[in-house]
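Heads up, the thing below is written out as structure tokens.
The values are calculated or read from the model by the stated rules, or taken from the named source; none is laboratory data. This structure is a prediction, so every number in the text was calculated from the model and none was measured. No Cβ is skipped: glycine too gets one built from the backbone with ideal geometry, and neighbour counts run over all protein chains shown. We work out accessible area using only protein heavy atoms, side chains counted, and drop any ligands, DNA or RNA first. Shrake-Rupley method; radii C 1.70, N 1.55, O 1.52, S 1.80 Å.
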Amino acid sequence: MQTIQDVMTRDVQSISPQETVQRAAQMMDELNVGAIPVLDGHKLVGMITDRDITVRSTAAGQAPGQTRVSDVMSTDVRTCAPNQTVDEVLGQMGDVQIRRVPVVDEQSHEVIGIVSLGDMAAKHSAGIDHTLEEISTPAEPDRSGMASQTRH
């Protein structure tokens, strides 16, 4: 059985919660990634994704050079351990509809890697189709406000 340490990306860049959203977007562009772990010192305190920047910052009209990562990051971060099986983590990713999970050392509690569906698809194809289907279940748009305005 393959474990997460067999498929994870090890050289993970992180960002501080005090950095700006603009810096986070620049890092994502430079690294060609869609998510960056947010570390306060060595402690994982969140994740910032391209979607966080778009939906929580840009759509709200916030200035990217003034808005802090801590203002828009996701704080409910799921993690996994390097010795967990790929199948186990795939199941967890599907259950909570996420595509990337930071890998945390069980002793030091430090981020030692990140694993994505792409990593698993490239190195471990079993279970990917089912997980991708669970993650990709379309959300229904919230039209409750629009419906009440158009029924006059």
- prompt: Using 7 Å Cα-to-Cβ label points, what is the Gln13/Gln62 separation (nm, one decimal)?
  reply: 2.1
message: I'd like to check one number: the per residue accessible area of segment 20-60, probe 1.4 Å, reported in Å² as a whole number.
response: 55
statement: So, with points 7 Å from each Cα along the Cβ direction, the Thr85-Ala121 label distance in nm works out to 2.3
field: Label zone at Glu106, where the point sits 7 Å out along the Cα-to-Cβ direction: segment 80-97 residues whose backbone N lies under 13 Å
entry: 80-85
message: Could you sort the peptides 63-75, 90-102 by per-residue average Cβ neighbour count (10 Å cutoff), highest mean leading?
response: 90-102, 63-75
field: Globularity ratio of segment 2-67, using Cα Rg and 2.2 N^0.38 Å
entry: 1.21
statement: The answer for GluC sites (Glu not before Pro) in segment 43-111 that fall in a DSSP coil and have at most 15 neighbouring Cβ atoms within 10 Å is Glu106, Glu110
